[in-house]
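Have a look at the structure below before the remarks.
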Amino acid sequence: MDDSRDTFGDSPPWNDGEEGSAGPSAGPSAAELEAAGQSSMFGAPAPEPPEPEQPSEPTTAELEAAGQSAMFAAPAEAAPAPVAAAPASPPTGTPTQPYRVLARKYRPQTFGQLIGQEAMVQTLANAIKRDRLAHAFLMTGVRGVGKTSTARLIAKALNCIGPDGLGGPTIDPCGVCEPCQAIAEGRHIDVIEMDAASHTGVDDVREIIEAVRYAAVSARYKIYIIDEVHMLSRNAFNALLKTLEEPPAHVKFLFATTEVDKLPVTVLSRCQRFDLRRIATPMLAEHFAWVCTNEGVGAEQEALAMVAAAAEGSVRDGLSILDQAIAHADLDGEGKVRADKVRDMLGLSDKSVQRKLLGAILDGNGADLLALVAHQFSLGVEPLAMMRGLMELAHRIAVTQVSGSADAPSTEEREAVESWAKALRAGHLHRLWQLLLKGYEEVKSAPDPLVAAQMALLRIMHASDMPDPGALVKKLEDMASRAPAPAPASDGGAAPSGAPSASAPSAAAPRWEALVDEVEHYGQPVAANVMRMQVRVVELAPGLLRYTQPPGFREDISGQLRSSLAEATGQRWHVERVDAEGAPTLVEQAEASKAADTQAVRRSPLVEATLAAFPDSELIEDDRPAAIGGSRNWRR
């Protein structure tokens, strides 16, 4: 031991000269030596010197903390301050994360939030309850109705384990378990979402085919969501067919597409198809009101109805328009979404101006009509939007005529539509629609849409005074029924022997001709010919016919006429042959008209001059169409 003491000594060599003067307390303690060794090994700052009154040794926790700091390069512990400073908090108005648009923020997280697809939700719920899940689902529909959202909801429903971790597949996923949260955030390793628009080839499908052999890592099912699946190439579809038909039990395929007609029939036959419907406009407006309530934004009902109508059944389109409308709202007006602002934003025609336009058209007021069109155009409303607004108004009036009540957001509009529905005839409305539709196409393709819209609306205004075709035909028939029978010519081309004079009664002739045509159309041409040649009508009334026959016809045809008229009209007829003067038969009238036409041609100055120059010339009828303008038939 003495050798050891001589070798190492009781103090460091640099203290040998002071050993005699310094006492035993001048040397470092064991704790200080240990701390110095830790500091030299790990590079931590030396502990604070002990207080003069009572030297303190570092605790084990402090030594361990010093070692950890040196190993992991953590910043040195700051000297204790008299008062501990609280961590700085971010400013109150600073957002903690970037703004998310409404279409992403309000993406459905449960099937209860998926609006307008109740039939599909019920089918999936029953399939999960009965354990009859298909291995491939195909969601199709227009844009923004929830195809991809539905695919993700199905993935959550199949892999949900519940808050306690013991749950099974359910139509109401909890949203709090790890699979639900991971799928909602798009980070679940067993839910693979692929965009077929950017992965169209066989190599992309080959990766899926090779990966389906392996079981899911942490989920119940390995799910492949392929969006826009119609973009896959033909070879890619063919490569997927076998796996799609007989996939492993742990694999589910979820396809989404907007163009289902582009998918091969072989793929459609291997999937359970769900056609997602367009969302009704009232349901969209109600959903947007709920969104505005959650966002703390006020909105007028008419403004939400405009947004819902512009969305055309798409929730995503409607939320994007609503997002823009909220940003467009005036901050000085409490940020409320107002109808006039939405109308200006969308470039729609004011509904009150639409009603004024239609009123000017129906009243025939061209000056007011042009002034309203010019005013709307100056406000930025496109002529095409004006025509479309008038078409929508005409459609609502026609629907109101059938249903009896108008579906309008305001009382003023409802009363106006209902009054027009009562005042206008159905034929008038249909003709108005056809003219508006034709004007819309003209404005759409015209080099100057404003001029085309003005001309189209003026044409509609002038056409509104015209009677409809049915009323015009009836009016012509009434005029013809009151006209006298054509008189035979006095010189040449005399009427057939025994024909009555022009003074004979002929008021019933047009009606008689209609009855003859009806009998012929019913399938009795022989009876119709008899009626044309042998019947001179003396008296004709509903269910009553009194007639006489031309000279040369003595056979009684009353029975034949009675049965033919009864079968054609469906009513009983009293037919009687009398000895009185009646109107010419239909054949006699045709011959008399032909003779009158011939005499009129002969009295023409040009024909008279021709016959004088060529005495032996004859008039020849030619029914062939002319060489130029073949639509006209030159008879003579």
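Annotation for segment 556-608: GluC sites (Glu not before Pro) lying in DSSP loop with at most 13 further Cβ atoms inside 10 Å of their Cβ are E581.
Applying D = kT/(6 pi eta Rh) to segment 542-613, where Rh is the Kirkwood radius over alpha-carbon pairs, T corresponds to 20 °C and eta to 1.002 mPa s, the Stokes-Einstein value obtained is 139 µm²/s.
Straight-distance candidates among the lysines for linking to K262, with alpha-carbon spacing under 18 Å and chain neighbours fewer than 8 residues away dropped: K147. Beyond 25 Å in Cα-Cα separation lie the following of the pairs K222/K242; K422/K444; K336/K356; K105/K351: K422/K444; K336/K356; K105/K351.
What does the C-alpha gyration tensor say about the overall shape of segment 197-239? Classify as rounded when a/c is under 1.5, otherwise prolate if a/b is larger than b/c, or oblate. Verdict is prolate for segment 197-239. Placing a pseudo-label 7 Å from each Cα along the Cα-to-Cβ vector at W290 and D344 gives an inter-label distance of 3.2 nm. Taking amide hydrogens as placed 1.01 Å from N in the peptide plane, the amide H of K252 sits under 5 Å from those of K222, I223, Y224, each at least 5 positions away in sequence or on another chain. 3J(HN,Hα) along segment 370-383: 5, 5, 5, 5, 5, 5, 5, 5, 5, 7, x, 7, 6, x Hz, from the Karplus curve 6.51 cos²θ - 1.76 cosθ + 1.60 with θ = phi - 60°, whole Hz, x for Gly and Pro. Karplus-derived 3J(HN,Hα) values for segment 106-111, using 6.51 cos²θ - 1.76 cosθ + 1.60 with θ = phi - 60°, are 10, 5, x, 9, 9, 5 Hz; glycine and proline are entered as x. The H on the amide N of Q272, modeled in the peptide plane, is under 5 Å from the matching H of A136, F137, L138, each at least 5 residues off or on a different chain. On full extension, the segment bounded by V176 and I192 gains 3.7 nm, given 0.36 nm per residue less the C-alpha separation. The calculated FRET efficiency for H521 paired with E576, based on their beta-carbon distance and R0 = 25 Å, is about 0.50. Placing a pseudo-label 7 Å from each Cα along the Cα-to-Cβ vector at A215 and V265 gives an inter-label distance of 4.0 nm. Set the Förster distance to 41 Å, then compute FRET efficiency between V142 and A367 from the Cβ-Cβ distance, nearest 0.05. Efficiency at R0 = 41 Å is approximately 0.40. Normalised radius of gyration (Cα atoms, divided by 2.2 N^0.38 Å) for segment 261-342: 1.45.
Defining a contact as two alpha carbons under 8 Å apart and six or more residues distant in sequence, what relative contact order in percent does segment 171-330 show?
17
Sparse packing (at most 12 other Cβ atoms within 10 Å of the Cβ) combined with a DSSP loop state is found for the following GluC sites (Glu not before Pro) in segment 102-198: E185.
Spin-label pair R546-Q122: with each label point 7 Å from Cα along the Cα-Cβ axis, the two points sit 7.0 nm from one another.
In whole Å, how far is the Cα centre of segment 254-288 from that of segment 380-459? Answer, in whole Å: 32.
Converting phi to 3J(HN,Hα) with the Karplus coefficients 6.51, -1.76 and 1.60 and the offset θ = phi - 60°, segment 355-366 yields 5, 5, 4, 5, x, 5, 5, 6, 7, x, 9, x Hz in sequence order, with x at every glycine or proline.
The numbers here are math on the coordinates, done by the rules we state, and not lab data. Fair warning: this is a prediction, and the values are worked out from it, not measured in the lab. Note: ideal-geometry Cβ built from the backbone for every residue, glycine included; neighbour counts use all protein chains shown.
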